[in-house]
Amino acid sequence: MDNNSVVGRIFDIQKFSTHDGPGIRTIVFLKGCILRCRWCCNPESQSYVIQRMKTKDGTKVVGYDTTVGEVMKKILQDMPYYRRSGGGLTLSGGEALCQTEFVKALLSECKKNGINTAVETTACLPWEMIEPVLPFLDNVLMDIKHTDGAKHEAFCGLRNELILQNARRIAESGANLTIRVPVIPTFNDSEEEIRSIAKFAAGLRGVKEIHLLPYHRLGYDKYVGLDREYKMGDITPPSKEKMEHLRRIAESEGLTAIIGG
């Protein structure tokens with residue numbers, strides 16, 4: 001099958017992002033995820049099923065099927081911005097790599113057009129779904145949420161042994177890997193927990209940066225719109241002072257730590 005004919009299921013395309021890889025980027029959000037993190041800011045991304053979500057303006061359909069060719073038309077519209085800024089395409093979700101065939105085809109077309117590529121991933125997948133796309137990625141932005149399997153399961157729905165194993169394998173592949181940590185009060189915001197994650201990240205081949213992403217409640221209204229419980233209750237985001245302290249903890253393990261990177 002021609003790459004441009006491959007079908008995937010997405011729920012949004014966001015242009016002019018500057019927070020999900022180098023330069024000005026277009027982000028394609030794919031439906032479907034294996035994890036169920038309590039704080040997920042895109043709960044509409046978790047199910048592969050096309051859904052209806054209530055909003056302040058009524059009801060919107062979340063998710064649609066599209067081809068690589070149709071997505072590429074939108075990506076290519078912003079080529080001048082990519083060239084000037086060193087930007088490109090970032091795939092997000094959900095877990096983008098759940099749709100391996102679509103992702104590989106889309107990334108391949110981007111590389112044919114000289115477009116920088118990145119993926120945001122949990123890597124909570126069989127290696128056979130990750131390895132085929134690595135040759136087409138310039139940047140892998142991977143979440144490591146915790147190093148303790150039991151606590152990871154309690155807050156995210158699954159243990160993390162596969163995630164940690166895949167982080168090692170991605171690093172050993174020579175990929176340009178950056179570790180991201182959503183800093184979540186009551187889950188992983190202690191000195192000991194951040195130090196443990198940073199120590200793990202520092203032991204990965206080629207990893208030099210760790211991004212600490214402070215918890216926020218921006219997805220709360222989406223849970224309401226989907227008639228779902230928001231399981232983080234009234235927990236508030238960490239203070240700037242707390243984030244700066246944790247940044248210094250992470251850097252003590254020999255990495256460059258960036259807040260909100």
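If I ask for residues that are on the phi < 0 side of the Ramachandran plot and buried (at least 17 other Cβ atoms within 10 Å of the Cβ), which ones from region 52-65 would you list?
Here is the first cut: in region 52-65, the residues on the phi < 0 side of the Ramachandran plot are 52-57, 59-62, 64-65.
Matches in region 52-65: M53, V62.
The set of residues in region 6-33 being surrounded by fewer than 18 Cβ atoms within 10 Å (Cβ to Cβ), outside any strand (DSSP E or B) and either touching a strand residue (DSSP E or B) at 6+ places or on another chain (Cβ under 6 Å) or not small (G, A, S) (or both) consists of T18, H19, P22. Only one of the numbered conditions (1) out of contact with any helix residue (DSSP H, G or I) (no Cβ under 7 Å at 6 or more places or on another chain); (2) not in a strand (DSSP E or B) is not met by T90, and that is (2). Quick one: in region 51-87, which of the residues that are out of contact with any Phe, Trp or Tyr (no Cβ under 7 Å at 6 or more places or on another chain) and in a loop (DSSP other than H, G, I, E, B) is nearest to H152 (Cα to Cα)? This residue is K56. The numbered conditions (1) closer than 22 Å to G93 by Cβ; (2) part of a strand (DSSP E or B) are all true for Q165 except (2). Among the residues of region 42-55, is there at least one that is acidic (D, E), over 14 Å from the mean Cα position of the chain (by Cα) and under 30 Å from N188 (Cα atoms)? Yes: one or more hits. Name the residues in region 217-227 that are over 9 Å from P43 (Cα atoms), assigned to a loop (DSSP other than H, G, I, E, B) and not hydrophobic (A, V, I, L, M, F, W, C), would you? Scanning region 217-227 gives R217, D227. Mind checking which pairs have a first residue in region 222-236 that is without any contact (Cβ under 8 Å) to a residue 40 or more places away in the chain and a second that is assigned to a helix (DSSP H, G or I), Cβ under 6 Å, 6 or more apart or different chains? Within 6 Å, the pairs are Y230/Y220; Y230/Y223. A single entry from P185, P126 fulfils the requirement of being loosely packed, with under 15 Cβ neighbours inside 10 Å, at negative phi and modelled with pLDDT of 95 or more: P126. Contact map, region 1-30: first residue within 19 Å of K111 (Cβ to Cβ), second residue loosely packed, with under 13 Cβ neighbours inside 10 Å and among the hydrophobic types (A, V, I, L, M, F, W, C), Cβ cut-off under 6 Å, separation 6 or more or different chains; pairs are I24/F16. Scanning region 175-215 for residues that are hydrophobic (A, V, I, L, M, F, W, C) and part of a loop (DSSP other than H, G, I, E, B) yields a count of 5. Name every residue in region 103-118 that is over 21 Å from P80 (Cα atoms) and under 16 Å from the mean Cα position of the chain (by Cα), in order of residue number. Once the filter is applied, which keeps residues that are over 21 Å from P80 (Cα atoms) and under 16 Å from the mean Cα position of the chain (by Cα), region 103-118 yields only V103.
Just for region 130-156: of the residues that are among the hydrophobic types (A, V, I, L, M, F, W, C) and farther than 24 Å from S108 by Cα, which one is surrounded by the fewest Cβ atoms within 10 Å (Cβ to Cβ)?
Let us first name the residues in region 130-156 that are among the hydrophobic types (A, V, I, L, M, F, W, C), namely 130, 133-134, 136-137, 140-142, 144, 150, 154-156.
Restricting the remaining residues to those that are farther than 24 Å from S108 by Cα gives 144, 150, 154-156.
Working: I144: 24, A150: 9, A154: 13, F155: 19, C156: 23.
Per the stated criteria, the residue is A150.
The values are calculated or read from the model by the stated rules, or taken from the named source; none is laboratory data. Predicted model only: the values in this text are computed from it and were never measured. Neighbour counts run over all protein chains shown; Cβ positions are idealised from the backbone, glycine included.
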